[in-house]
Amino acid sequence: MSRQGLILTGVGVLALIAYPWVFRSNYAINVGFLVLFAAYLGQTWNIAGGFAGQTSFGHVVFFGVGAYVSAILHTTYGVNPWLAWPFSALAGACVGWLIGVLSYRAGLKGSYFALITLAVAEVGRILANSVPITRGGLGILVRADQRAANFQFKDPVWFYYVALALCLLVMFIAWRLTRTRFGARLAAIRENEDAAQALGIDSFREKVKCLTLSGGLCGAGGTVYVQKYLYIDPSIAFGVDKSVEMLLVSLIGGAGTVLGPLIGSGVLHVMGELTRDLGNMLPGVSNAQPLSIIVYGAILIAIVAWLPDGLMGLFGRRSKEVRRA
Amino acid sequence: MLEVSGLSKAFGGLAAVDQVSLDVGSNEIVALIGPNGAGKTTLFSAIAGFIRPDKGSVRFLGRDVTGLPPHRICACGIARTFQITQPFARLSVLENVMVGAYHTTRVRREAAARAEDVARQVGLSRQLDMRADALTLAGRKRLELARALATRPKLLLLDEVMAGLNPIEVEEIVSMVRAIGKAGVAILLIEHVMQAVVSLAERVYVLNNGRVIADGPPAAIATDPHVIEAYLGHGAAARLKRGGAHA
């Protein structure tokens, strides 16, 4: 990384650390948490979808499995949530590995792969709705016991920092992908799989590795969610809206870029907060929500239409990001 | 070094490659020519592991490599280029070549250094930071060559690296290929540009309708009646003999 890049990164990280001390309201800290958490989940999607071109429509399945593993270990088996945390990552990784092996062995690519992931997430939702261990549609309630040793915090600022740590971790991993052989191989597979194979790349193996990594990182988010909201049910854990959000923050910010998901998530949430109040400013509008969603949707369409490379595309740095050693 | 024997591949009822046998010695440059649809590219794909042959075998350095997947073939030391260039479009030229260079090292610095070396060898030094999809056709052909070369192959399979280039560009690629051969890499090339075939190849195989119809040094091939008929149609050889210019 260049000297300039290093300084900018340092400033950015410090700003994110300082944010809760500048904006002290619970509202601001919660918005901050949501932005970082969505950026983190989006980045885990981006590692597979953006860097390796493995577009998934069901990435929520990793999050959901991680959340349930954590919640069940904690509530049913009394495992401390800190200890359950690595298991939710492990569970996400296993699901990623399994999806990868099955669909890549069958040669599924592009939209077929996307549909498989969508279907797997649906299967997750249906299973969670019907097997006793997840308590079906009732969901799992985690008993409130706000002690740090219990991975529950009185002060929401700590969850903000947990999300920040996760976000920085996955950004670091994404940055490493721009600098390592593994990352170069994933980019080659994304751009042209035949040519990649001709140059000695075992594309099956690299893709499975990538999806396992992405799934594991995403699964870890499940524990954080469960511990913050103390509740999980099938539609939260496996709902398609979370998959869409992960993909959206990456596409808006710039798929296959290190900063993309964070920028996309920031823009998306700030836009969401702003348009929510928009309707209330107009006279004679009794229900603001549909209007907000329309404006929100229009802005999204505009971004996708005019910025196919996402907001990062504005900087035109894609080809320069990985340059000289 | 490379021994192909009795290789066959049919698509439906069509025998694209039919009982082909050929060999390439170490340090040798061998050309594979033939009319369009003769099965040249199919033969390449079968050697490089992109399609599995129905019958026959491919041996490389004494080892049976028939039907191995492409990345394993590459690991054995065979690198191919694509007739229709397949660049990693949104990566830079340097990144493209580095993917090849990463085949023998996992260290980024080494891969970048090798990639720059190879790029210089094929005359792409000034386009290193350019996106691959911004290259001209000649540039893309060079990129194909550079990427394959960066894997440090013992045998290069070049699929029409000169098609569509102007005479000056052809001349440049010819001297590059010659230099690569001099450096100890065996080369099997598919080519339509006869000027290049004659000046590069020590031996030529002629493929028609999936079969080898002639092989030998380029000068002998050019006067072989089977070859002339394959290109110009039935009876052409006889007419050429009789009428010369009127044929």
Item to check | Cα-based equivalent ellipsoid, chain B: semi-axes from gyration tensor eigenvalues, Å | outcome: 32, 22, 15
Checklist outcome for this item: Using the Kirkwood radius over Cα pairs of the stretch B:152-230, the Stokes-Einstein translational diffusion coefficient at 25 °C and 0.890 mPa s, in µm²/s and rounded to a whole number, is 183 µm²/s
Checklist outcome for this item: Computed for the stretch A:14-237: size of charge dipole around the Cα centre, +1 on C-beta of each Lys and Arg, -1 on C-beta of each Asp and Glu, debye to nearest 20, value 260 debye
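Provide a whole-number value for the mean count of partner chain Cβ atoms within 10 Å of the Cβ atoms in peptide A:181-194. Numbers along the way, then the final one.
Details: counts 10, 2, 1, 11, 3, 0, 7, 9, 2, 3, 11, 10, 1, 5.
Mean number of neighbouring Cβ atoms from other chains: 5.
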Checklist entry - What is the Cα convex hull volume of the stretch A:14-237 when expressed per residue in Å³? => result 120 Å³
Item to check | Label-point gap, in nm, between B:Ile84 and A:Trp306 - each point 7 angstrom along Cα→Cβ | outcome: 3.6 nm
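When the dipole is taken about the Cα centre of the protein assembly as shown, and only Lys, Arg (+1) and Asp, Glu (-1) are charged at their Cβ, what size is it in debye, to the nearest 20?
Roughly 920 debye for the protein assembly as shown.
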Checklist entry - Taking the Cα centre of the protein assembly as shown as the origin and placing charges on Cβ (Lys, Arg +1; Asp, Glu -1), which of A:Gly215, A:His59, B:Ile213 is farthest toward the positive end of the dipole? => result A:Gly215
Item to check | Relative contact order, percent, chain A [alpha-carbon distance under 8 Å, six or more residues apart] | outcome: 30 percent
Checklist outcome for this item: In Å, the Kirkwood estimate of hydrodynamic radius for the protein assembly as shown over Cα pairs equals 26.8 Å
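What does the highest-first list of A:243-255, A:26-38, A:181-193 look like by mean Cβ count within 10 Å?
Per-residue mean Cβ counts within 10 Å order the peptides as A:243-255, A:181-193, A:26-38.
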Item to check | Computed [θ] at 222 nm, helices only, for the protein assembly as shown once each DSSP H run of length n ≥ 4 contributes -39500 (n - 2.57) | outcome: -18500 deg cm²/dmol
Checklist entry - How many times 2.2 N^0.38 Å is the alpha carbon radius of gyration of the stretch A:124-273? => result 1.25
Next on the checklist: As an exercise, use a Förster radius of 45 Å and the Cβ-Cβ distance of B:Val107 and B:Arg242 to find the FRET efficiency, rounded to the nearest 0.05.
Outcome noted: 0.10
Next on the checklist: If a paramagnetic tag sat 7 Å from the Cα of A:Gln146 along the Cα-Cβ line, which residues of the stretch A:223-241 would have the backbone N under 16 Å from that point?
Outcome noted: A:227-231
Checklist outcome for this item: At R0 = 35 Å the Cβ-Cβ FRET efficiency linking B:His226 and B:Arg178, nearest 0.05, sits at 0.80
Next on the checklist: In the stretch B:156-198, whose amide N lies under 16 Å from the spot 7 Å out along Cα-to-Cβ of B:Leu137? List them in ranges.
Outcome noted: B:159-173, B:191-194
Checklist entry - Just counting partner chain Cβ atoms within 10 Å, what average do the residues of peptide A:202-214 show around their Cβ? => result 1
Item to check | Hull volume in cubic angstrom per residue (convex hull over the Cα atoms of the stretch A:58-143) | outcome: 85 Å³
Checklist entry - What is the list of residues in the stretch B:163-207 whose amide nitrogen lies under 18 Å from a point 7 angstrom out from the Cα of B:Ser125, following Cα to Cβ? => result B:172-173, B:175-177, B:179-180
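Let's test the formula: R0 of 22 Å, r as the Cβ-Cβ distance of B:Arg63 and B:Ser26. What FRET efficiency results, to the nearest 0.05? Provide the component values of the computation, followed by the final result.
Working: r = 14 Å, r/R0 = 0.65.
Working from the Cβ atoms, E equals 0.95.
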Next on the checklist: Tell me which of A:Val123, B:Gln19, A:Met1 sits at the most positive position along the dipole axis of the protein assembly as shown, charges placed on C-beta atoms (Lys, Arg +1; Asp, Glu -1).
Outcome noted: A:Met1
Item to check | Peptide B:90-100, shielding by other chains (average Cβ, 10 Å cutoff) | outcome: 6
Next on the checklist: Tell me which of A:Ala237, A:Gly32, A:Ala48 sits at the most positive position along the dipole axis of the stretch A:14-237, charges placed on C-beta atoms (Lys, Arg +1; Asp, Glu -1).
Outcome noted: A:Gly32
Item to check | Sorted peptide list for B:171-183, B:73-85, criterion being average Cβ within 10 angstrom, highest first | outcome: B:73-85, B:171-183
Item to check | Karplus 3J(HN,Hα) series, Hz, for the stretch B:163-178 with 6.51 cos²θ - 1.76 cosθ + 1.60 (x for Gly, Pro) | outcome: 4, x, 9, 7, x, 5, 4, 4, 4, 5, 5, 4, 5, 4, 4, 4
Checklist entry - Roughly how big is the stretch B:168-242's charge dipole about its Cα centre, with Cβ charges of +1 (Lys, Arg) and -1 (Asp, Glu), in debye to the nearest 20? => result 320 debye
Checklist outcome for this item: Mean Cβ-within-10 Å packing, highest first, puts peptides A:87-97, B:210-220 in the order A:87-97, B:210-220
Item to check | Of every Cα-Cα pair in the stretch B:48-171, the percent that sits beyond 16 Å | outcome: 62 percent
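Bear in mind these aren't lab numbers, they're just calculated from the coordinates by the rules spelled out. Since the structure is predicted, the reported quantities are computational estimates derived from the model, not experimental observations. Backbone-built Cβ (ideal geometry, glycine too); neighbour counts: all protein chains shown.
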